[in-house]
Amino acid sequence: MTLDEAVQSVIIDKLKKSIVDNDMIATRALYNSVRFEKKELLEQITIEIFALDYIVGLNDGVAPDERPFPDIESLKVWIASKGLDLNPYAVRNSIIANGTTWFRIGGSNIVTDSINNEAFKQVVELASSEIKLKIKTQWQLLFKNNR
């Protein structure tokens, strides 16, 4: 398995599944934003994982009076996509006063359950043949150039 495939299956797909399993799929914006980019520079590989900023609030929850406060327009979109009959101003005031439901129950941990040391170990294990080949190639170049 390639490194890209390992990151996709172990981290990205797992995070997206957690979003669906925790009913965070209302507008699909968060789900669609989860992705990674692999960058290679001077034989160093960097994997960057991206998602909309508010994923942190879904992972940990939002505490009372935590800024930035929810945007009314975003709340309107979320309420409509959930098919709820709620006043977005009342929802915002409730979040400001009480925090989110995720905060009150201790967070969802969708990020920390998907992106952690165990996941990185699994990625390396699954992509070990590709990684070993890169290391072998670099060693060969190093010794060839130092003769």
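Please give the number of the condition residue 76 fails out of (1) surrounded by 12 or more Cβ atoms within 10 Å (Cβ to Cβ); (2) without any contact (Cβ under 8 Å) to a residue 24 or more places away in the chain; (3) closer than 25 Å to residue 4 by Cβ. Unmet condition: (3). State yes or no: is residue 137 within 27 Å of residue 45 (Cα to Cα) and modelled with pLDDT of 80 or more? So residue 137 does not fit the description; no. Pairs linking a residue in the range 98-113 that is more than 21 Å from residue 67 (Cβ to Cβ) to a residue that is open to solvent by 30 Å² or more (accessible area, probe 1.4 Å) and basic (Lys, Arg), with Cβ atoms under 9 Å and 6 or more positions apart or on different chains, are 113/14. Can you tell me which residue is modelled with the highest pLDDT among those in the range 87-124 that are within 15 Å of residue 54 (Cα to Cα) and open to solvent by 80 Å² or more (accessible area, probe 1.4 Å)? Top of the filtered list is 103.
Counting residues that are touching a residue at least 60 places away in the same chain (Cβ under 8 Å) and either open to solvent by 70 Å² or more (accessible area, probe 1.4 Å) or polar (S, T, N, Q) (or both), which helices (runs of 4 or more DSSP H) fully inside the range 1-56 reach at least 2?
13-21
Using the structure shown, decide if residue 64 is surrounded by 15 or more Cβ atoms within 10 Å (Cβ to Cβ) and out of contact with any Ser or Thr (no Cβ under 8 Å at 6 or more places or on another chain).
Details: surrounded by 15 or more Cβ atoms within 10 Å (Cβ to Cβ): no; out of contact with any Ser or Thr (no Cβ under 8 Å at 6 or more places or on another chain): yes.
Here the answer is no, as residue 64 does not meet what is asked.
The values are calculated or read from the model by the stated rules, or taken from the named source; none is laboratory data. None of these values were measured; they are calculated from a predicted model. Cβ coordinates were reconstructed from backbone atoms using ideal geometry, including for glycine residues, and neighbour counts include every protein chain displayed. We work out accessible area using only protein heavy atoms, side chains counted, and drop any ligands, DNA or RNA first. Shrake-Rupley method; radii C 1.70, N 1.55, O 1.52, S 1.80 Å.
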